[in-house]
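Structure first, commentary second.
The values are calculated or read from the model by the stated rules, or taken from the named source; none is laboratory data. In this text the structure is predicted, and so the values were computed from the model without any measurement. Cβ: placed from backbone, ideal geometry, glycine included. Neighbour counts: every protein chain shown. Ligands, DNA and RNA are stripped out before the accessible areas are found, and what is left, the full protein with its side chains, is counted by its heavy atoms. Shrake-Rupley method; radii C 1.70, N 1.55, O 1.52, S 1.80 Å.
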Amino acid sequence: MTVTTRQGVSDAAVIEQSWQEPGVFAALYRRHAPHISRYVARRLGDDMADDVTAETFYRAFEKRRKYDLGRPDARPWLYGIAANVMAQYHRKETRMLRAFARSGADPVVQTYGGQLDGADDRVVAAGMHQPLAAALAGLSRPHREVLLLVAWADLSYEETAQALGISVGTVRSRLHRARKKIRAALGDGNPLSISDEG
């Protein structure tokens, strides 16, 4: 049975069809690559976004036969692959956040301008670029990963758990600790304002 979504045919149906017709996989790329790329740019900078996005979709294509077709939306799976690819750049991300904390020049805000959403808008409006970057740089990779998948990739707790291969309880725990550290660093001005509901 083919499940129809906002984009038409479900991601799962596209992936399944790509088993016989590999070119169909390009539809998945067109749907999700811009979002993955912007998320990567936010984490590692514009210079890494294309390479990490390409590697993410290359790995997804290679692993497509292992995809759980019971999940119509492939976003969590793709963000999980992207997280694994980005893990090798953890030091670069931390250096970038620290440089941003010193300079205040946010390359993503400058590059994407009017395309910002949710958490990005709140950070810009609150003028918290530098303190937030410093606070994020101080988080461990697992805590930062959970926080940013929820805040910047707009994944639910369940989708974040699926993306990272951890339990929802672990997502809640890591998110709680990350939020606590961010609040401590920013005082009461938490621009991410992530609710405790998943």
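Remarks
- Condition check for L78: within 19 Å of M48 (Cβ to Cβ), of a type outside the set (S, T, Y), at pLDDT 75 or above and in a helix (DSSP H, G or I): yes
- Any chance T56 is of a type in the set (S, T, Y), within 19 Å of the chain's Cα centre (by Cα) and modelled with pLDDT under 95: no
- Qualifying residue in region 11-24 (condition: crowded, with 18+ Cβ neighbours inside 10 Å and either under 12 Å from the mean Cα position of the chain (by Cα) or under 20 Å from S156 (Cβ atoms) (or both)): yes
- When region 37-60 is filtered for residues that are more than 20 Å from F100 (Cβ to Cβ) and open to solvent by less than 60 Å² (accessible area, probe 1.4 Å), the ones remaining, listed by number, are T53, A54, T56, F57, A60.
- Pairs are defined by a Cβ separation below 7 Å, a sequence spacing of at least 6 or placement on different chains, a first member in region 1-29 that is among the hydroxyl-bearing types (S, T, Y), and a second member that is in a helix (DSSP H, G or I) and at pLDDT 95 or above; the pairs so defined are T2/A13; S18/V24; S18/F25; S18/R64; Y29/F57.
- Matching residues in region 144-172 - criterion: being part of a helix (DSSP H, G or I) and open to solvent by 30 Å² or more (accessible area, probe 1.4 Å): E158, E159, Q162, L164, V168, G169, T170, R172
- Residue in region 8-22 that is within 17 Å of T160 (Cα to Cα), at pLDDT 80 or above and of a type outside the set (G, A, S) present: no
- Region 34-52 - residue that is among the hydrophobic types (A, V, I, L, M, F, W, C) and farther than 18 Å from I15 by Cα and, of those, farthest from the chain's Cα centre (by Cα): M48
- Of the listed requirements (1) within 18 Å of the chain's Cα centre (by Cα); (2) farther than 23 Å from Y157 by Cα; (3) open to solvent by 30 Å² or more (accessible area, probe 1.4 Å), R31 misses just one: (2).
- Pair list, Cβ under 7 Å, 6 or more apart: region 140-156 residue in contact (Cβ under 8 Å) with a residue 12 or more places away in the chain, other residue polar (S, T, N, Q): V146/T160; L149/T160; V150/T160
- Given (1) open to solvent by 10 Å² or more (accessible area, probe 1.4 Å); (2) at pLDDT below 80; (3) of a type in the set (D, E), index of the condition E93 fails: (1)
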